[in-house]
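Novice: Sharing a structure below in structure tokens format, with a few things to ask.
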Amino acid sequence: MTLKGFELTDDNHFVAMEYYMLLLNRTYLVLLTKDCLIGIVGNGIVSIESGGDIFTKKITANLAIRGDLSNPHSYLKEKYIRSIENDNLFDGSILTKNKSNFLIKRENIVSSTYDPSKKWGMGYYPHDGKVYIRTRDNKKREFIILGNQSGQKIANRISPK
């Protein structure tokens, strides 16, 4: 199945940000299927617009999200999604398109928890706390739930049954 053939519904995906290397970030479209979580990079580094010198203003303006900040899909850039929309979601080929894409088998998920506290550094971007996923190999991922989505519902949907 490809992303183009995957019908997005309220309960089978979410949009989240993940920090890496301390203060850099990426935005993901995360698909929830029966057998796995599929993370597709949907945007590169995002910043809030800030003041300061003209150089800083220009850079942060280019990295800022525009549009309806409550709509999680506003955080995704079409060019990222289009680059993988025809690739098979389940055969691992999306992992070769972007090394930050991921596939997590549900059988490897040990826990999924919700933390409603706001994430430091998110500025004026609305978000509903964080969802933490821990896997059998003891790896932990922190997803900042962007826009108008329920972190608690997302954690419940991911949680091992």
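A short reminder: the numbers here are calculations on the coordinates, not readings from a lab. Owing to the predicted nature of the structure, the values given are computational and were not obtained by experimental measurement. Glycine gets a Cβ as well: all are built from the backbone with ideal geometry, and neighbour counts include every protein chain shown.
Novice: Looking only at residues that are assigned to a loop (DSSP other than H, G, I, E, B) and within 25 Å of LYS99 (Cα to Cα) in the stretch 49-66, which one is nearest to the chain's Cα centre (by Cα)? Walk me through how you get there before you give the answer.
Specialist: Of the stretch 49-66, the ones assigned to a loop (DSSP other than H, G, I, E, B) are 49-53, 64-66.
After this cut, where a residue has to be within 25 Å of LYS99 (Cα to Cα) as well, the list is 64-65.
On the way: ALA64: 16, ILE65: 14 Å.
Ranking the candidates gives ILE65 first.
Novice: Residues that are more than 18 Å from MET17 (Cβ to Cβ): which strands (runs of 3 or more DSSP E) entirely in the stretch 97-157 hold 1 or more of them?
Specialist: Details: elements: 102-105, 109-115, 127-135, 140-146.
Where strands (runs of 3 or more DSSP E) fall fully within the stretch 97-157 and carry at least 1 residues being more than 18 Å from MET17 (Cβ to Cβ), they are 102-105, 109-115, 127-135.
Novice: Take the conditions within 16 Å of TYR124 (Cα to Cα), of a type outside the set (A, V, I, L, M, F, W, C) and in contact (Cβ under 8 Å) with a residue 12 or more places away in the chain and apply them to TYR28. Does it pass?
Specialist: Details: within 16 Å of TYR124 (Cα to Cα): no; of a type outside the set (A, V, I, L, M, F, W, C): yes; in contact (Cβ under 8 Å) with a residue 12 or more places away in the chain: yes.
Taking the combined requirement at face value, the residue does not satisfy it.
Novice: Would you say ASN98 is surrounded by 15 or more Cβ atoms within 10 Å (Cβ to Cβ), out of contact with any His (no Cβ under 9 Å at 6 or more places or on another chain), farther than 16 Å from PHE14 by Cβ and without any contact (Cβ under 8 Å) to a residue 60 or more places away in the chain?
Specialist: Working: surrounded by 15 or more Cβ atoms within 10 Å (Cβ to Cβ): yes; out of contact with any His (no Cβ under 9 Å at 6 or more places or on another chain): yes; farther than 16 Å from PHE14 by Cβ: yes; without any contact (Cβ under 8 Å) to a residue 60 or more places away in the chain: yes.
It is true that ASN98 is surrounded by 15 or more Cβ atoms within 10 Å (Cβ to Cβ), out of contact with any His (no Cβ under 9 Å at 6 or more places or on another chain), farther than 16 Å from PHE14 by Cβ and without any contact (Cβ under 8 Å) to a residue 60 or more places away in the chain.
Novice: While we're on this one: Looking at (1) of a type outside the set (Asp, Glu); (2) touching a Phe, Trp or Tyr at 6+ places or on another chain (Cβ under 8 Å); (3) farther than 20 Å from ASP68 by Cα, which is the only condition GLY151 fails?
Specialist: (3)
Novice: Does the stretch 71-84 contain any residue that is among the hydrophobic types (A, V, I, L, M, F, W, C), touching a Leu at 6+ places or on another chain (Cβ under 9 Å), part of a loop (DSSP other than H, G, I, E, B) and over 20 Å from ASP11 (Cα atoms)? Explain how you work it out, then say what you get.
Specialist: Of the residues in the stretch 71-84, the ones among the hydrophobic types (A, V, I, L, M, F, W, C) are 76, 81, 84.
If we keep only those that are touching a Leu at 6+ places or on another chain (Cβ under 9 Å) as well, we get 76, 81, 84.
When the remaining residues are screened for being part of a loop (DSSP other than H, G, I, E, B), the result is 76, 84.
Remaining after also requiring over 20 Å from ASP11 (Cα atoms): 84.
The answer is yes; a qualifying residue exists.
Novice: Let me ask you something else. Among the residues of the stretch 47-58, are any among the hydrophobic types (A, V, I, L, M, F, W, C) and in contact with a helix residue (DSSP H, G or I) (Cβ under 6 Å, 6 or more places away or on another chain)?
Specialist: no
Novice: While we're looking at this one, here's another question. From the list ASN108, ASN88, pick out the single residue that is touching a residue at least 12 places away in the same chain (Cβ under 8 Å), of a type outside the set (Gly, Ala, Ser) and either under 20 Å from SER74 (Cα atoms) or surrounded by fewer than 15 Cβ atoms within 10 Å (Cβ to Cβ) (or both).
Specialist: Working: ASN108 fails: either under 20 Å from SER74 (Cα atoms) or surrounded by fewer than 15 Cβ atoms within 10 Å (Cβ to Cβ) (or both).
The conditions single out ASN88.
Novice: What number goes with the only condition from (1) more than 17 Å from the chain's Cα centre (by Cα); (2) closer than 20 Å to ASP128 by Cβ; (3) of a type in the set (Ser, Thr, Tyr) that THR2 does not pass?
Specialist: For THR2, the failing item is (2).
Novice: So, in the stretch 4-48, how many residues would count as being outside any strand (DSSP E or B) and not aromatic (Phe, Trp, Tyr)? Step through it out loud before you land on a result.
Specialist: To start, the set of residues in the stretch 4-48 that are outside any strand (DSSP E or B) comprises 4-12, 21-23, 33-35, 44-48.
Going one step further and asking which of them are not aromatic (Phe, Trp, Tyr), we end up with 4-5, 7-12, 21-23, 33-35, 44-48.
Here the count works out to 19.
Novice: Related question: For residues that are charged (D, E, K, R) and either closer than 19 Å to LEU23 by Cβ or in contact (Cβ under 8 Å) with a residue 24 or more places away in the chain (or both), scanning just the stretch 48-57, find the one that is surrounded by the fewest Cβ atoms within 10 Å (Cβ to Cβ).
Specialist: Initially, the stretch 48-57 is screened for residues charged (D, E, K, R), giving 49, 53, 57.
Pick out the ones that are also either closer than 19 Å to LEU23 by Cβ or in contact (Cβ under 8 Å) with a residue 24 or more places away in the chain (or both) and you get 49, 57.
Working: GLU49: 16, LYS57: 13.
Result: LYS57.
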